1. Tell me, yes or no, whether region 114-137 has at least one residue that is modelled with pLDDT of 95 or more and crowded, with 18+ Cβ neighbours inside 10 Å.
2. Every residue in region 268-285 that is modelled with pLDDT of 90 or more and under 30 Å from D359 (Cβ atoms), please.
3. How do the strands (runs of 3 or more DSSP E) wholly within region 286-403 filter down when requiring 2 or more residues that are touching a Cys at 6+ places or on another chain (Cβ under 7 Å) and at pLDDT 85 or above: which remain?
4. Would you mention how many residues in region 215-231 are more than 25 Å from the chain's Cα centre (by Cα) and either surrounded by 17 or more Cβ atoms within 10 Å (Cβ to Cβ) or at pLDDT 95 or above (or both)?
5. Can you go through V337, V364 and tell me which one is of a type outside the set (D, E, K, R) and under 21 Å from E157 (Cα atoms)?
6. Which residue pairs have Cβ atoms under 7 Å apart, sit 6 or more places apart or on different chains, and have a first residue in region 359-375 that is touching a residue at least 12 places away in the same chain (Cβ under 8 Å) and closer than 11 Å to K398 by Cα and a second that is exposed (fewer than 14 other Cβ atoms within 10 Å of the Cβ) and among the small types (G, A, S)?
7. Restricted to region 138-173, and to residues that are touching a helix residue (DSSP H, G or I) at 6+ places or on another chain (Cβ under 9 Å) and farther than 30 Å from P265 by Cα, which residue is surrounded by the most Cβ atoms within 10 Å (Cβ to Cβ)?
Amino acid sequence: MGLADLIYATERPEKVTLYFKQGSSDKVYQAQLIAEQDMQRAEVRWTVRAAYGRRGSSMRHISKLQGDTIYYTEAKAVYDKLVQSKLRKGYSPGPGGTPFNATKLHADYAAVFDSVNRPEPTGWLPQLLNQVTLEEAHGIYRGNEGNILLQTKWDGERRAVMCNVVGRTTMHVKIIGANRKGLEVPLTDAVRGTIDKLCMATTQILILDTEDMGDYLVIFDVLKYGREDLTRLPYRERVIYLRAISEALSEMNTPFLMVDMPFKPLSFVEFCGYIEDAKERNEEGVVIRVGSTEYLPGKPNTGGGLYKLKFKESATCRVEFIHPTKSSVGLELFDEVKQQWVSVGNTTIYPNNTFPDADDIIEVEYLYAYPGGSLYQPVFKGPRPDIDEDAAVLSQLKYKKDS
């Protein structure tokens, strides 16, 4: 009896190749729903396999199902969920890698694609920060004395806000939020209402770079004010527009939008004092800006004039498993040397947090890591739907100094 004889007429293997091309990212993700024959039991085991990586480079291969016998319906559900999650993150079935927003698709994938709430690309991409040590931060100040601006490193999700007053007879404000990948995401009604008033009270056209803290947004940069594109201005000049936003919000007296006005240290003592004050406030870290820096999307390989000094270590991890009896999940990271996923411990999910699913990408705060072992004192910070699993790598960990 062959494999074809064991498969019901309604059961069929599936596969799809998805692409993501945006900024410096050019990635491929392949998913397969596969039937395998168990020769001893004379039955079929369905499984889901995936491979991903940069286009043209070696792919990482993973299996999404474990166990002796997996029925088609179970494997199909895992496969569909996997494809949907990639489409929501902006992957596309077209090799051009344009973030997915097509309506006419290959019949094999139409049912899966049509069930996705498809995000639209906005055209915005964030300027990213390079992480530095305290010693490196001191060097940055000394090399740019008099041209340094400091802000808090906020512990939320990156969010751009684009608003524009449209209409001639009946004017209204069109508001769009964008995540770290530049894909459209919703904003709360309270935030949208406040942005509506801000846009009407100022210039009627705004693009703001913010951090979404859940109930409110923190604005730390202004990229467009009226019809003027500010991205080619040095940050010290964009601060003028940031101050105008701050003054408008102070008159509105709203809790849903706030501005993080940068601090300019006049001496090395003031520079160090700002960092120590942020530590005492238990902030995540400090953002260090060279005042002459323009707004360029992506992260430079070195330097770039925009840095983050973090006081607490955090890691982007993939959920390995859900504990069957405890409110916790297993964590895993991809070892780029051995080309395999490795366990790095467990973390508790408290009742006030959204419980993640297996294979979800989450952020975990920790004190340090043991080489070849687990994270020490991991704390679940939240899901990271805006980040792919290729960020969950072992090389990101910071190890105990005396290890």
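1. Scanning region 114-137 turns up at least one residue that is modelled with pLDDT of 95 or more and crowded, with 18+ Cβ neighbours inside 10 Å.
2. Scanning region 268-285 gives a single hit, G285.
3. Strands (runs of 3 or more DSSP E) meeting the threshold: 328-335, 361-366.
4. Step one: filter region 215-231 for residues more than 25 Å from the chain's Cα centre (by Cα), giving 225-229.
Narrowing further to those that are either surrounded by 17 or more Cβ atoms within 10 Å (Cβ to Cβ) or at pLDDT 95 or above (or both): 225.
Number of matching residues: 1.
5. Values: V337 fails: under 21 Å from E157 (Cα atoms).
Answer to the check: V364.
6. Y370/S403; P371/S403
7. C163
Rundown of residues vs (1) over 25 Å from K181 (Cβ atoms); (2) touching a helix residue (DSSP H, G or I) at 6+ places or on another chain (Cβ under 7 Å); (3) of a type in the set (F, W, Y), yes/no style:
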{"residue": "G291", "(1), (2), (3)": "yes, yes, no"}
{"residue": "G303", "(1), (2), (3)": "no, no, no"}
{"residue": "C317", "(1), (2), (3)": "no, no, no"}
{"residue": "K338", "(1), (2), (3)": "yes, no, no"}
{"residue": "A358", "(1), (2), (3)": "no, no, no"}
{"residue": "A369", "(1), (2), (3)": "yes, no, no"}
{"residue": "G373", "(1), (2), (3)": "yes, no, no"}
{"residue": "R384", "(1), (2), (3)": "no, no, no"}
{"residue": "L397", "(1), (2), (3)": "no, no, no"}
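The values are calculated or read from the model by the stated rules, or taken from the named source; none is laboratory data. Small disclaimer: the values here were computed from a predicted structure and weren't measured. Glycine gets a Cβ as well: all are built from the backbone with ideal geometry, and neighbour counts include every protein chain shown.
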